[in-house]
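Just below is one structure, and these are the notes that go with it.
The values are calculated or read from the model by the stated rules, or taken from the named source; none is laboratory data. As the structure is a computational prediction, the values presented were derived from the model and not from experiment. A quick note on method: Cβ atoms are made from the backbone with ideal geometry, for glycine too, and the neighbour counts reach across all protein chains shown. SASA here: full protein model, heavy atoms, side chains in, ligands and nucleic acids out. Shrake-Rupley method; radii C 1.70, N 1.55, O 1.52, S 1.80 Å.
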Amino acid sequence: MNLIDRIVQFQSDIARIRRDIHAHPELKFEEMRTAEIVANKLTEWGYAVDRGLGKTGVVGTLRVGSGTKSVGLRADMDALPLQEHNRFAHRSQNDGRMHACGHDGHTAMLLAAAQYLAESRHFDGTLHVIFQPAEEGGGGARVMIEDGLFEKFPCDAVFGMHNWPGSAVGTFGVTVGPMMASSNEFEITVTGRGAHAAMPHNGVDPIMTAVAIAQNLQALITRNKKPIDTAVLSITQIHAGDAYNIIPNEAVLRGTVRTFTTEVLDLIEEGMKRIVDGTAMTFGAEATMRFVRNYPPTINHEKETDFAAGVMRDVVGEANTLTDIEPTMGAEDFAFMLEARPGCYVFIGNGDGAHRETGHGIGPCMLHNPSYDFNDELIPIGATYWVRLAEKFLAKA
Ligand SMILES: [Zn+2]
Ligand SMILES: [Zn+2]
């Protein structure tokens, strides 16, 4: 690996900051302490610092030379509502809150890069380091954009990164096009007419209607979208009734839809309305549907992905640069930034879990698991990638 020596030198200082953030996790839009640490460090290193964009977001700007190009590097800062199971010294001090997705590490890697770039200044143009709140379900990236992120801090391109447990340390993964799925929620309320269970002919059964809707909806996946298009429709809740001998008035279904394109999502949402209405009518019931689009699909732009892959090869070599990885059906709110600007989102291998203290289970310890911990070995790797990417993107013409 071609790591930057200077970053390797100060990586333990950055790891201390990472562990301090890990010990003090903050939920979406409450990242006051974390934002304070980030803003103070950036100020110390000579960045112009903007605070409060998207409530708790921080943007640091560094201009060098007279180049007109600009690039945005983004990290997320928020934690999850989860009770940590780890017992090491830097475990969460905040009950029911935990950095189980490694956003503490994402913040640390970008800080390490920011420190080095401020010292070395080997670029010509404008660097924006973007620390966003509320990636976990809060749409912090969307809120920052609505607050004027790209008007105040114009970026020719924007780049993001997530640690990936199970992939070896020293590897990067990326793919052109869909990298993560759109995430959407729905709630269907079926209204029938309650009756004595022994005299169903006096009522309209919302449970039979709900079950038929649940079954019919899968036809959208198998019959309506093209077989080569990817989509998932999962019903995760059905609620109705509370007695053995009463047909209830109402039944509620809830679930999620995931797709890699907005076109397929449009098709599924439209189809759901049709099936919900039609099935309810068949049974003489009524039904309403609430459909909420949370995150769009995370789509990597071709030119920026090729560019990012070139930087990865410089840092970890050809063999450790995986450019055709399988996309995941998880979602990521960096998607909003990739809708607004060209760019690329990559995975950095977090290893097999051997970095964690023994006694916390075996295996790679996946994201959102109460025994997860970010691997501090990644700090110089991720930071070197950020630095080389910024230097190359903002190279003197
Ligand atoms: Zn997460
Ligand atoms: Zn995450």
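Values for this structure:
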| item | result |
| --- | --- |
| Distance (nanometres) between label positions extended 7 Å along Cα→Cβ at His201 and Asp95 | 5.9 nm |
| q = 0.15 Å⁻¹, the chain: log10 I(q)/I(0) [Debye, one scatterer per Cα] | -1.28 |
| Theoretical FRET efficiency, 1/(1+(r/R0)^6), r = Cβ-Cβ of Arg290 and Asp147, R0 25 Å, to 0.05 | 0.40 |
| Most fluctuating residue given options Ser182, Ser120, Ser92, as computed from a GNM of the chain linking Cα atoms under 10 Å | Ser120 |
| Whole-angstrom Cα spans of the range 183-270 along principal axes, big to small | 47, 21, 17 |
| Of Arg341, Arg51, Arg87, the one that fluctuates the most in a GNM where the chain has Cα springs shorter than 10 Å | Arg87 |
| The chain: most fluctuating residue of Ile381, Ile221, Ile130 per GNM, C-alpha cutoff 10 Å | Ile221 |
| Computed over the chain: relative contact order in percent, which uses C-alpha pairs under 8 Å that are six or more apart | 25 percent |
| Exposed-loop-free span, longest in the chain, where chymotrypsin sites (Phe, Trp or Tyr not before Pro) count as exposed if DSSP calls them loop and at most 14 other C-beta atoms lie within 10 Å | 89-243 |
| Helix-only mean residue ellipticity at 222 nm for the chain, each DSSP H run of n ≥ 4 adding -39500 (n - 2.57), per residue, nearest 500 | -11000 deg cm²/dmol |
| Apportionment of accessible area to carbon and sulfur, the chain, percent (1.4 Å) | 51 percent |
| Convex hull volume per residue in cubic angstrom - Cα atoms of the range 83-127 | 100 Å³ |
| Mean accessible surface per residue for the chain, computed with a 1.4 Å probe while every protein chain stays in place, in Å² | 43 Å² |
| Whole-Å distance, taken between Cα centres, linking the range 364-397 and the range 272-297 | 42 Å |
| Per DSSP, loop trypsin sites (Lys or Arg not before Pro) in the range 223-271 with at most 14 further Cβ within 10 Å | none |
| Qualifying lysines (Cα of each under 26 Å from Cα of Lys28; at least 8 residues distant if same chain) | Lys41, Lys55, Lys152 |
| The chain: angle of helix 32-44 to the longest principal axis, Cα-based, in degrees nearest 10 | 20 degrees |
| Difference of contour (0.36 nm per residue) and Cα-Cα distance, Asp306 to Arg33 | 94.6 nm |
